[in-house]
1. Let me know the charge dipole size of region 134-277 about its Cα centre in debye, to the nearest 20, where only the beta-carbon of Lys, Arg (+1) and Asp, Glu (-1) is charged.
2. So which GluC sites (Glu not before Pro) in region 200-302 are both in a DSSP loop and have at most 13 other Cβ atoms within 10 Å of their Cβ?
3. Among all stretches of the chain without exposed trypsin sites (Lys or Arg not before Pro) (DSSP loop, at most 14 other Cβ atoms within 10 Å), which one is longest?
4. Strictly under 4.7 angstrom between C-beta atoms: which cysteines of the chain have no such partner?
5. Among 233, 60, 74, which residue has its Cα positioned farthest towards the positive end of the charge dipole of the chain, with +1 placed on the Cβ of Lys and Arg, -1 on the Cβ of Asp and Glu, and the dipole taken about the Cα centre?
6. Checking the table 177/232; 201/250; 92/196; 201/280; 92/152; 65/92 against a 31 Å threshold on Cα-Cα, which pairs fail?
7. Can you figure out the FRET efficiency of residue 188 with residue 146, using R₀ = 45 Å and their beta-carbon distance, to the nearest 0.05?
8. Given a Förster radius of 30 Å and the C-beta distance between residue 298 and residue 73 as r, what FRET efficiency does 1/(1 + (r/R0)^6) yield to the nearest 0.05?
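Since every read-out is calculated from the coordinates, none of them should be taken as a lab result. Remember, it's a predicted structure, so these values are computed and weren't measured experimentally. Note that each Cβ is placed from the backbone with ideal geometry, even for glycine, and that neighbours are counted across all protein chains shown.
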Amino acid sequence: MVRHFVSLSNFSNNDIEALIQRAHFFSIHSRQPDKIDHLLKNKIFANVFYEPSTRTRCSFEIAAKRLGADIINFVPENSSVKKGETIYDTLKTLESLGVDGIILRHSDDHIFEELHHQFELPLLNAGAGKYEHPSQGLLDLLTLQQEFGNLKDLKIAVCGDIKHSRVAGSLLVAAEKFGMEIFLCGPEALIPTHLKSFVKKVEFDQILPEVDAVMMLRVQLERHANLELDEKSYHTQFGMNESRLNRMKKNAIIMHPGPFNRGVEISDVVVEHPQSRIFKQMSNGVFTRMAILEWASKGIVL
Ligand code: CP
């Protein structure tokens, strides 16, 4: 069976918990090569990113290397894509060359739906359009689990460009599975109109004192045709700053998948604040992707 990693909706709660547990194991042992550097020895993965990335691409690369695997970075701009090669042909080429898994980011929401059944090696979703970013979703769950010890009944506010966010896409899938309550905040035009029962649209300033975590999201200007953003006014209305942070519970945390625009959706002070888990999320990205690469190669490891 080929283990494609496409959406968190394809996983049972038990399997997600096992992946989180495995990522937690890697967080403890990531600097102990003798314990882990043989786990994916002789495997070769390919990073294939048709959209820019810092965190996801680099953390998959580090994750592979920590487990003893090799990884190649395919750059569409310097490849035969420039001569008209289709994505199917590029991925088939990499499969024929012998890679053991392809980590793919693409702007098309449906790219995995279209491609995955045509490949005999794992395709791993590193962000698909506005659909899902499941490895980000998993690292966010790991961060919440480490912080609160459980996921059930957590109250999470998500603020920003939710309509265009694949990060929110995966978080909502996970929230429904684990019984979290989600509050959406931000400009009306950037919030989806159809919401499930565990999701409520609320005023940002009103919900702050009640939530365990706030996930701030960037306005994805690259996915808007005609949006003009007045950064100062956006920050005043929806930005996370020190005064808003002071209205939250003392054990509540701030999250952001990155990249973040300091001074727009989040202030400098909050990025670096003791209640911010933004850099923790980044570190967890490596451990989570180690668990995902291992799962794609071997299945659930307990
Ligand atoms: N969070 C995230 O996906 O960041 P990158 O776009 O840098 O990979």
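1. Charge dipole, region 134-277, about its Cα centre: 360 debye, nearest 20.
2. 203, 228, 272
3. With a cap of 14 other Cβ atoms within 10 Å, the longest stretch comes to 42-151.
4. Cysteines lacking a close Cβ partner in the chain: 58.
5. 60
6. Correct reply: 177/232; 92/196; 92/152.
7. Using R0 = 45 Å, I get an efficiency of 0.85.
8. 0.80
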